[in-house]
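Read the structure below first, then the notes.
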Amino acid sequence: MARQRDPSFQVLLTEMRSRDALKAEGAFHALLPLANERIEELIKAFEIEKLQGVRCWLLELIGEARAEQAFDVLRKNALSEDEALRGWGISGLQKLGTPPARAFLWEHGLPRDGSD
């Protein structure tokens, strides 16, 4: 049985696009504790998002989830030409910390933790 979407989750995603910076940042911080349990929805939202700032926030949330399902999207963005997305992709892989994530970082000469 498919899980029904929590309307407040969708509202928070919408509020992240707000021109009101406090509202947008508040929505981001409200989503942080939900990141792991809503990882698939965050990945889908990231894939369709057009606004650069929101894409960066979504990728940051995906990394904070520390979920193995995030490996592919983090890996792809760790090699992005977009510097901001590349940074969040690398950071997310570092936080994920799985053997495949660490191996990917090593193979591409990327820092394996925040201090490298």
Quiz item: Taking the stretch 30-76 on its own, how many of its residues are on the phi > 0 side of the Ramachandran plot and in contact with a Phe, Trp or Tyr (Cβ under 6 Å, 6 or more places away or on another chain)?
Solution: 0
Exercise. Scan the stretch 65-86 and give yes if some residue there is over 16 Å from the mean Cα position of the chain (by Cα) and not aromatic (F, W, Y), otherwise no.
Key: yes
Self-check item: In the stretch 3-25, residue surrounded by the most Cβ atoms within 10 Å (Cβ to Cβ) [restricted to those that are at pLDDT below 95 and of a type outside the set (S, T, Y)]
Solution: F9
Practice problem: Would you be able to say whether some residue in the stretch 57-74 is in a helix (DSSP H, G or I) and of a type in the set (K, R)? | Solution: no
Exercise. Please indicate, with yes or no, whether at least one residue in the stretch 29-51 is touching an Asp or Glu at 6+ places or on another chain (Cβ under 7 Å) and part of a loop (DSSP other than H, G, I, E, B).
Key: yes
Quiz item: Could you list, in sequence order, the residues of the stretch 69-104 that are exposed (fewer than 15 other Cβ atoms within 10 Å of the Cβ) and either touching a strand residue (DSSP E or B) at 6+ places or on another chain (Cβ under 7 Å) or under 19 Å from R55 (Cα atoms) (or both)?
Solution: Q69, D72, K76, L79, E81, D82, E83
Self-check item: Among the candidates A67, A45, A21, residue that is under 23 Å from E83 (Cα atoms), without any contact (Cβ under 8 Å) to a residue 12 or more places away in the chain and not charged (D, E, K, R)
Solution: A21
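The values are calculated or read from the model by the stated rules, or taken from the named source; none is laboratory data. This structure is a prediction, so every number in the text was calculated from the model and none was measured. Glycine also receives a Cβ, built like all others from the backbone with ideal geometry; neighbour counts cover every protein chain displayed.
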